[in-house]
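Below is one structure, written out as structure tokens; comments come after it.
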Amino acid sequence: MQSQLNLRHEGKYFDLRKIFDDLNERHFAGRLRGYTVMWGRRRKEPPKDYFVFGTIQEEDRIIRINPWLDQPFVPRWFLQYVLYHEMLHSVVPEEVRGRRRLVHTEEFNRRERQFPRYRRARRWEEENLARFLR
């Protein structure tokens, strides 16, 4: 069953569990407990139109990071930012406006900007996004 779910946190270049544990202590006072953090399934080819860096399934406490980020050109601090972003979803509640669910609220965005390398990470993302698309 575990191999079917691809429950692995150690990549070729990065160990997501170590990064998660460090971020949890530094930014969340160790409050995020019982989370599985793992690399997602690697597709044969990168997507054409958009790239999802990470996802969180809060009900199952699973954070998946796109395995295309496990490459030597990806800075560790960028991967930390992506993981921090997903972790924030577990502590900042979503808002419901009519029939619409809003997960990136003003509060979420404010807290995200508190990440120490936020501007640098967003700039790196803009400059390197094309490397993840075909």
> Per residue, how much accessible area does the chain show when a 1.4 Å probe rolls over the protein heavy atoms, in square angstrom?
Replying inline: 65
>> Give me the extension gain from E127 to R42: residue separation times 0.36 nm, minus the current Cα-Cα distance, reported in nm with one decimal.
In response: 28.4 nm
>> If I model a spin label at R120 and R17 as a point 7 Å from the Cα along the Cα→Cβ vector, what separation in nanometres do I get?
In response: 2.8
> Quick one: if the Förster radius is 22 Å, what FRET efficiency do W77 and E107 give, using the C-beta to C-beta distance and rounding to 0.05?
Replying inline: 0.40
> Taking the chain on its own, what percent of its Cα-Cα pair distances exceed 22 Å?
Replying inline: 38
> Carbon and sulfur atoms: what percent of the 1.4 Å accessible area of the chain do they account for?
Replying inline: 44
> In a solvent-free Debye calculation with one equal scatterer on each Cα, what is log10 I(q)/I(0) for segment 68-134 at q = 0.20 Å⁻¹, listed in the order of the q values?
Replying inline: -0.87
> Working out 0.36 nm times the residue gap between E25 and R99, then minus their Cα-Cα distance, what length gain in nm do you get to one decimal?
Replying inline: 23.1 nm
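The values are calculated or read from the model by the stated rules, or taken from the named source; none is laboratory data. Nothing here was measured: the structure is a model prediction, and the numbers come from that model. With ideal geometry, Cβ positions are generated from the backbone for all residues, glycine too; neighbour counts draw on all protein chains shown. Only protein heavy atoms, including side chains, enter the accessible area calculation; ligands, DNA and RNA are left aside. Shrake-Rupley method; radii C 1.70, N 1.55, O 1.52, S 1.80 Å.
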